[in-house]
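Here's the structure, in structure tokens; my notes come after.
The values are calculated or read from the model by the stated rules, or taken from the named source; none is laboratory data. Since the model is a prediction, treat every value here as computed from it, not as a measurement. When we count neighbours, we look across all protein chains shown, and the Cβ atoms used for this are built from the backbone with ideal geometry, even at glycine.
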Amino acid sequence: MIVRTRFAPSPTGYMHIGGMRTALFNWLWARRHGGQFILRIDDTDQQRNRDEALAPILSAFRWLGLNWDEGPEVGGPCGPYFQSQRQAFYDKALQQLLDTRQAYRDFENPEDTKAQRETAEKEKRQYISSRSSLELSDADISQFLSEGRAHVIRFLVPRDQKVQIEDHVRGHVEWDCSLMPDPVIARNDRSPLYNFATVVDDAEFRISHVIRAEEHLPNTPVQVLLHQALGNELPQWAHIPYVAAPGGREKLSKRRIGQYRTNPQFQKLFELGDQVLSRLGIDSAADALSPVMVEYYRRVGFLPEGVLNALFRLGWSLDDHTEYISLPTAQQNFSLDRIIRSAAGLDADKLLNFQSHWMSQLSAEEKLNGCLPLLAESGLIDSTDDADTRDRVKQIIALAGDRLRVFGDIFQMDEFFLPDDQLTVDEKNFQKRIVKPEAAVDLLRELRRRLEATADFSAAALHELIQGFVTEKGIRAGDLFPAIRLCVTGKAQGADLFETLSLLGQSRVLSRMDRGIGRAESLRAE
RNA sequence: GGCCCCAUCGUCUAGUUAGGUCUAGGACAUCGGAUUUUCAUUCCGGUAACGGGGGUUCAAAUCCCCCUGGGGUCACCA
């Protein structure tokens, strides 16, 4: 059997992280078996700006390195790959069902149908279709049709049957058809509805495995029945758990971003995003970008490897101990029977951990190429090509070391890019370390003189000089070091102090110390 | 409410198909300690789970039933 899987996004303008995982599992299964992965666009409800709404989805696939064998932009033997262009296939299937009386024209007033539904609900019983239109004679029907009377086409559910599937994740699942309403498969204008289009296309595309989120489980009996009515070979099913919101069991949803902001498990991600996106001039509070979307991670400076790793481990495991998994490794080992059955909350901490791990695997050059575009976009550097700039940023990145978890963390090193008067100062610590301790300002002033006098501004020389100063004065390093750092970076913590001073350079260190000392004095005078 | 799905540390999970090797393993988070000029890293160590009740069995996290809890879905959306 040739394994063919598909992912069928609706062009919504963004790629959902949960949908991405579903797509990933489909991709993995196809690749694992040397099969094909197909992208089909479910745009049966006419979208105005289809291409615009599709672009972010395709770009998410490209970013993560998931290619598709057939679909938009690449074509393929089963095209077109947009449902809106496949009307001929639906017409044919529709006619077949009508001819074999497995579907019928329903002329019932929609309000009546709705009322019946509501009555059933009120009486706490399962609603099933009235099938009143089945009483119509062929003559009545032609009459109605010639009058142009509105109707829909419903599939005639064989109520005496049961549908049973052996799901790769769920195991045996069955439904009683006597409890199912007849689903509408096409509108008055013959445009197909989701379940019908899906079945026709899955068969046409020879999809061997339908791997989708478990919220589609209730659609399955209808689809099985439709396949059978059409005489199709049934695909195999795998209903994977949906991705839940962090720390919970509820489906992760774009509409609930507001709530997620206050979710303690989610906060870390939002904060990271706010920090980075604000530098890029993106208002993250407006939720144009949020951790629900793949785009968010790309913009914040996550690595495809980090996001992918988090996605693998959300509901799937390679074995009982492997955590760091690359795409090739997953591709070689992926299996449907190691997918867990219950919904899993997106784990922000683990995501960050995976991300840090893959970041640590990068070469200096790769890190540089990840950070430069962000710096340029934020206006902190002018050009990404300038050799001096590149060299300098490379040194800053080396200094940042593992503090750089995502590329956006480069903004934490902003003291190397900002002019003296634009540094943000940690006021609380400035007070505590410089303004309040009596000796602090005098010490800084004296140290400043020595720093001015020295010719060697290498980290090693500075270490020696400052350490010697501390010893000479009989003070503790803890009394002086934070004060220096606050003066030159505005921050209470950060990368190695001496490397920082060295990289900042003598003139900037001196001018910033002057500013700091002046500041402290005027604060003391108040 | 109907139908369906799910249930192991705070979280992600291994173990459930073939019951014993599980006084339940790993990872992240957390807490403690070591290293360190701060932070971060790194290294060591600790706390921490089979939702409840019945069965079946010599033996159940694993099989069966019930309960409870959680969730998905009920469109002329996808």
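Note on the range A:419-430: residues that are surrounded by 14 or more Cβ atoms within 10 Å (Cβ to Cβ) and not acidic (Asp, Glu) amount to 4. In contact with a Ser or Thr (Cβ under 8 Å, 6 or more places away or on another chain), part of a loop (DSSP other than H, G, I, E, B) and within 11 Å of RNA strand B (Cβ to nearest atom): does that describe residue A:314? Criteria not met by residue A:314. When A:472, A:499, A:464 are screened for being loosely packed, with under 14 Cβ neighbours inside 10 Å and part of a helix (DSSP H, G or I), only A:472 passes. Examine the range A:400-414 for a residue that is among the basic types (Lys, Arg), surrounded by fewer than 19 Cβ atoms within 10 Å (Cβ to Cβ) and away from RNA strand B (no atom under 14 Å from the Cβ), and state whether such a residue exists. No, there is no match, as no residue in the range A:400-414 is among the basic types (Lys, Arg), surrounded by fewer than 19 Cβ atoms within 10 Å (Cβ to Cβ) and away from RNA strand B (no atom under 14 Å from the Cβ). Within the option set A:335, A:356, A:342, being within 18 Å of residue A:299 (Cα to Cα), within 16 Å of RNA strand B (Cβ to nearest atom) and either within 26 Å of the chain's Cα centre (by Cα) or surrounded by fewer than 18 Cβ atoms within 10 Å (Cβ to Cβ) (or both) holds for one residue only, A:356.
Here are A:250, A:204, A:166: which of them is more than 28 Å from the chain's Cα centre (by Cα) and within 22 Å of residue A:316 (Cα to Cα)? Of the residues listed, the single one that is more than 28 Å from the chain's Cα centre (by Cα) and within 22 Å of residue A:316 (Cα to Cα) is A:166. Among residues of the range A:207-243 being near RNA strand B (Cβ under 10 Å from one of its atoms), under 14 Å from residue A:25 (Cβ atoms) and surrounded by fewer than 22 Cβ atoms within 10 Å (Cβ to Cβ), the one that is nearest to the chain's Cα centre (by Cα) is A:213. Across the range A:18-57, the number of residues qualifying as of a type outside the set (D, E, K, R) and over 25 Å from residue A:195 (Cβ atoms) comes to 6. Against the definition (surrounded by 12 or more Cβ atoms within 10 Å (Cβ to Cβ), closer than 15 Å to residue A:113 by Cα and modelled with pLDDT of 95 or more), how does residue A:185 come out, yes or no? No; evaluated as a whole, the condition is false for this residue. Of all residue pairs spaced 6 or more apart or on separate chains, those with beta-carbon atoms under 6 Å, a first member in the range A:310-321 that is under 14 Å from residue A:335 (Cβ atoms) and a second member that is modelled with pLDDT of 95 or more and not in a loop (DSSP other than H, G, I, E, B) are A:312/A:330; A:315/A:339; A:316/A:338; A:316/A:339; A:317/A:338; A:318/A:333.
When the residues of the range A:317-332 are narrowed to those that are in a helix (DSSP H, G or I) and among the hydrophobic types (A, V, I, L, M, F, W, C), which ends up surrounded by the most Cβ atoms within 10 Å (Cβ to Cβ)? Per the criteria, the residue is A:330.
Which one of A:512, A:449, A:476, A:485 is away from RNA strand B (no atom under 13 Å from the Cβ), at negative phi and touching a helix residue (DSSP H, G or I) at 6+ places or on another chain (Cβ under 9 Å)? Quick ask: steps written out before the conclusion?
On the way: A:449 fails: touching a helix residue (DSSP H, G or I) at 6+ places or on another chain (Cβ under 9 Å); A:476 fails: away from RNA strand B (no atom under 13 Å from the Cβ); A:485 fails: away from RNA strand B (no atom under 13 Å from the Cβ).
A:512 is the lone residue from the list that is away from RNA strand B (no atom under 13 Å from the Cβ), at negative phi and touching a helix residue (DSSP H, G or I) at 6+ places or on another chain (Cβ under 9 Å).
When A:23, A:55, A:8 are checked against the criterion of being more than 16 Å from RNA strand B (Cβ to nearest atom), among the hydrophobic types (A, V, I, L, M, F, W, C) and at pLDDT 95 or above, a single residue qualifies: A:55.
May I ask you to say which residue of A:131, A:159, A:149 is without any contact (Cβ under 8 Å) to a residue 60 or more places away in the chain and either in contact with a strand residue (DSSP E or B) (Cβ under 8 Å, 6 or more places away or on another chain) or at positive phi (or both)?
Numbers: A:159 fails: either in contact with a strand residue (DSSP E or B) (Cβ under 8 Å, 6 or more places away or on another chain) or at positive phi (or both); A:149 fails: either in contact with a strand residue (DSSP E or B) (Cβ under 8 Å, 6 or more places away or on another chain) or at positive phi (or both).
Checking each option against the conditions leaves just A:131.
Here is a yes/no grid of residues against (1) among the basic types (Lys, Arg); (2) farther than 25 Å from residue A:228 by Cβ; (3) in contact with an Asp or Glu (Cβ under 6 Å, 6 or more places away or on another chain):
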{"residue": "A:144", "(1), (2), (3)": "no, yes, no"}
{"residue": "A:148", "(1), (2), (3)": "no, yes, no"}
{"residue": "A:161", "(1), (2), (3)": "no, no, no"}
{"residue": "A:165", "(1), (2), (3)": "no, no, no"}
{"residue": "A:170", "(1), (2), (3)": "yes, no, no"}
{"residue": "A:173", "(1), (2), (3)": "no, no, yes"}
{"residue": "A:176", "(1), (2), (3)": "no, no, no"}
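Taking residues in the range A:247-273 that are over 21 Å from residue A:355 (Cβ atoms) and of a type outside the set (S, T, N, Q), and partners anywhere that are part of a strand (DSSP E or B) and within 9 Å of RNA strand B (Cβ to nearest atom), the pairs with Cβ atoms closer than 6 Å and at least 6 places apart or on different chains are A:248/A:345; A:250/A:244. Say whether the condition of being surrounded by 21 or more Cβ atoms within 10 Å (Cβ to Cβ), closer than 25 Å to residue A:302 by Cβ and away from RNA strand B (no atom under 16 Å from the Cβ) is met by at least one residue in the range A:69-89. No, the range A:69-89 contains no residue that is surrounded by 21 or more Cβ atoms within 10 Å (Cβ to Cβ), closer than 25 Å to residue A:302 by Cβ and away from RNA strand B (no atom under 16 Å from the Cβ). Condition check for residue A:105 on (1) surrounded by fewer than 15 Cβ atoms within 10 Å (Cβ to Cβ); (2) over 41 Å from the mean Cα position of the chain (by Cα); (3) not aromatic (Phe, Trp, Tyr): one failure, at (1). Taking the conditions (1) surrounded by 16 or more Cβ atoms within 10 Å (Cβ to Cβ); (2) modelled with pLDDT of 95 or more in turn, residue A:246 satisfies each one other than (2).
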